[in-house]
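Worksheet: the structure to be examined is printed underneath.
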Amino acid sequence: MDILRCSQVPSLGFEATGTAEFGDEVGPIPVGRSLTQLRVLFQSFGCGVSGHWNTGDCVTTPGSTFTHPITANIYAVDNSSGTPAPGARLATVTQSQNIAYRPSADPTNCTGSDAGKFLNTNTGRCANAIGQLLTFNFPAGTTLPSQVIWTVAFNTTHYGYNPIGEGAACYSTNPGCGYDSLNVGVYSFPGAPYRGTDIDPDGAFLNSVIPSTYCDGGAGGTGTLRLDTPCWTGYRPLGEIRAV
């Protein structure tokens with residue numbers, strides 16, 4: 001996918017923002033289409049051996065990865081209140097995803113303001129995170145309505161629907177746990193040939209327990225999946241629904 005050849009994109013970190021679930025409302029979907037896949041662009045900031053992306057000392061063995069279960073959900077849209085909300089959950093899958101650690105800091109090619117980053121050979125630019133296009137395959141049998149809400153959900157050390165906790169072996173290591181540095185990409189590429197429409201280009205669907213993560217400072221509630229708008233202008237969650 002050409003998106004992986006783009007520069008590092010902005011992203012939402014689940015551990016950093018107390019998030020359990022995140023996604024977007026999209027449509028129109030042609031009548032009678034059956035769901036096959038959801039593809040989502042993640043950004044992996046974690047280091048495989050030692051160090052951290054923001055301390056300039058990241059060390060990763062080339063090609064090393066970690067696995068983590070991530071849930072993909074597809075919801076119907078409930079417009080009964082006048083504000084779109086998640087309705088019935090139409091489909092869900094939890095799949096163990098293989099995720100790359102970001103490469104080691106490159107002191108030869110990434111210096112000055114780029115110190116601590118690695119050289120992304122696809123773009124020729126230095127970056128802090130490596131793009132991960134993750135695919136979630138759904139079983140046959142789900143016919144989609146014209147509009148749906150898609151989300152991804154996963155647990156981190158302190159957040160998610162079932163936080164993993166600090167007892168995990170990776171938590172006591174120098175780089176920490178890779179899933180704590182796993183983000184979902186958010187960016188509206190100007191002029192990109194999108195298929196379908198982001199129903200609210202200024203909003204996203206978010207479940208966080210930290211009030212400041214929301215556009216309204218949590219006034220509309222925390223710890224529940226709801227529309228968060230209008231502060232996401234230019235930062236649409238990067239997901240793609242595939243249907244046949």
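Can you figure out the FRET efficiency of T224 with N137, using R₀ = 35 Å and their beta-carbon distance, to the nearest 0.05? Show your work: numbers first, answer last.
Numbers: r = 28 Å, r/R0 = 0.79.
Calculated transfer efficiency: 0.80.
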Once the whole set of protein chains is in place, how much accessible area is left on D202, using a 1.4 Å probe, in Å² to the nearest 10?
50
Computed over the chain, protein heavy atoms only, probe 1.4 angstrom, the accessible area per residue in square angstrom equals 46
The chain, helix-only ellipticity at 222 nm - DSSP H runs n ≥ 4, -39,500 (n - 2.57), divided by all residues, nearest 500:
0 deg cm²/dmol
Quick one: if you stick a label point 7 Å off each Cα along the C-beta vector at D114 and H158, how many nm between them?
3.3
Hey, in the GNM for the chain with a 10 angstrom Cα cutoff, which one of T83, T61, T71 fluctuates hardest?
T83
Choice from S11, S81, S172 showing the highest fluctuation, given a GNM over the chain with Cα pairs closer than 10 Å:
S81
Could you tell me the distance between the Cα centroids of region 16-95 and region 207-222, to the nearest Å?
19
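List the equivalent ellipsoid semi-axes of region 60-119 in whole Å, largest first, each obtained as the square root of 5λ for an eigenvalue λ of the Cα gyration tensor.
For region 60-119, the semi-axes come out at 41, 19, 5 Å.
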Diffusion constant of region 1-105 at 10 °C, which comes from Stokes-Einstein with the Kirkwood Cα-pair radius and 1.306 mPa s, µm²/s
94
Along principal axes, Cα extents of region 41-94, largest first, whole Å
51, 23, 13
Rounded to the nearest 20 debye, what is the charge dipole size of region 62-214 about its Cα centre when +1 sits on each Lys and Arg Cβ and -1 on each Asp and Glu Cβ?
280
Gaussian network model of the chain, springs between alpha carbon atoms under 10 Å - residue of P190, P211, P62 with greatest fluctuation:
P190
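The values are calculated or read from the model by the stated rules, or taken from the named source; none is laboratory data. Since the model is a prediction, treat every value here as computed from it, not as a measurement. Positions of Cβ are generated from backbone atoms using ideal geometry, with glycine treated the same way; all protein chains shown enter the neighbour counts. SASA here: full protein model, heavy atoms, side chains in, ligands and nucleic acids out. Shrake-Rupley method; radii C 1.70, N 1.55, O 1.52, S 1.80 Å.
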